[in-house]
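Each value in this text was obtained by applying a stated rule to the coordinates, not by laboratory testing. Bear in mind the structure is a predicted one, so any value in this text is a computation, not a measurement. Counting neighbours? That spans all protein chains shown, and the Cβs are built from the backbone with ideal geometry, glycine included.
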């Protein structure tokens, strides 16, 4: 384990296989401010990680390609979650993202094929490009009422996604945002939402509802 200190900020720069317990768990030391870029990337035996409230930033690709990682809880103290952070975590089934996060960056959870339980921050405003693409096992997601925009291919190839309610606050649904979701039967959208090119495309949708603001909280 390599820890750097810069201007009083402690950065967890890298973690090796020998630092991870035999049961696949790792506890980030209390007092760490930043989990650095690619700190755990490619770890083959990491299954569980405990992140303390001291952590404020998780940088780009920090847990990318950790193919044994099963679940993750991001504490409320974290205000920045880097792009590609959990990309290709093939065994990840559960993700709880703390309320300090306002934006899910590009490809943060892309290629997490087994992700089935997702809890988004209550004050989330933006979901970046390809943030949850190829999350094949995701059947339902609750989008918070603060969400402003959903980027390119943000939920593309979510093969088992069955229903989706885009909240009244959402102004933009990016190109191919909901693409190749063959199980999606129902979607509810606010009237006046700006739809990008083929924002909802190649989905076997039975019901599309355009709502007046502050109405129809349920699909």
Taking Cα pairs closer than 8 Å and at least 6 residues apart, the relative contact order of segment 125-219 in percent is 24
At a threshold of 8 angstrom on Cα-Cα distance, excluding pairs fewer than six apart, so keeping six or more, what relative contact order does segment 1-121 reach in percent? 18
If I model a spin label as a point 7 Å beyond the Cα along the Cα-Cβ vector, how far apart are those points for residue 102 and residue 53 in nm? 2.2
Taking neighbour counts of Cβ atoms within 10 Å as a proxy for exposure, in what order, fewest first, do 22, 191 appear? 22, 191
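Quick check on segment 5-54: take the gyration tensor over C-alpha atoms, sort the square-rooted eigenvalues as a ≥ b ≥ c, and tell me if it's rounded (a/c under 1.5), prolate or oblate. Could you put the intermediate results ahead of the total?
On the way: a/c = 2.58, a/b = 1.68, b/c = 1.53.
Prolate, since a/c reaches 1.5 and a/b exceeds b/c.
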Using Cα pairs closer than 8 Å and at least 6 residues apart in sequence, work out the relative contact order for the chain, in percent. 10
For a footprinting-style exposure proxy, rank 147, 69 by other Cβ within 10 Å, fewest first. 147, 69
Can you give the extra length, in nm with one decimal, that the chain gains between residue 159 and residue 208 once fully stretched, where that is 0.36 nm per residue apart less the Cα-Cα distance? 15.8 nm
At what distance in nm do the modelled label points of residue 44 and residue 2 sit from each other, each positioned 7 Å from its Cα along Cα→Cβ? 2.1
Could you calculate the contour length gain from residue 148 to residue 122, that is, 0.36 nm times the residue separation minus the distance between their Cα atoms, to one decimal place in nm? 8.1 nm
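Taking every DSSP beta bridge that has both residues in the chain, what percent is antiparallel when rounded to the nearest 5?
10
Can you give the FRET efficiency to the nearest 0.05 for residue 169 and residue 18, using r as the Cβ-Cβ distance and R₀ = 41 Å? Walk me through the intermediate numbers first.
Numbers: r = 47 Å, r/R0 = 1.14.
About 0.30, to the nearest 0.05.
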If you line up the Cα atoms of segment 1-153 on their principal axes, what length do they span on each, largest first, in Å? 38, 32, 20
Debye calculation, C-alpha points only, no solvent: report log10 I(q)/I(0) for segment 125-219 at q = 0.18, 0.22 Å⁻¹, in the same order as the q values. -0.71, -1.12
Compute the distance from the alpha-carbon center of segment 1-76 to that of segment 142-162, in whole Å. 27
At q = 0.12, 0.21, 0.25, 0.27 Å⁻¹, what log₁₀ I(q)/I(0) does segment 23-95 have when each alpha carbon counts as one equal point scatterer in the Debye sum? -0.26, -0.84, -1.21, -1.39
Top mean-square fluctuation among 86, 155, 26, Gaussian network model of the chain, C-alpha springs under 10 Å? 26
Ranked 210, 134, criterion: other C-beta atoms within 10 Å, fewest first: 210, 134
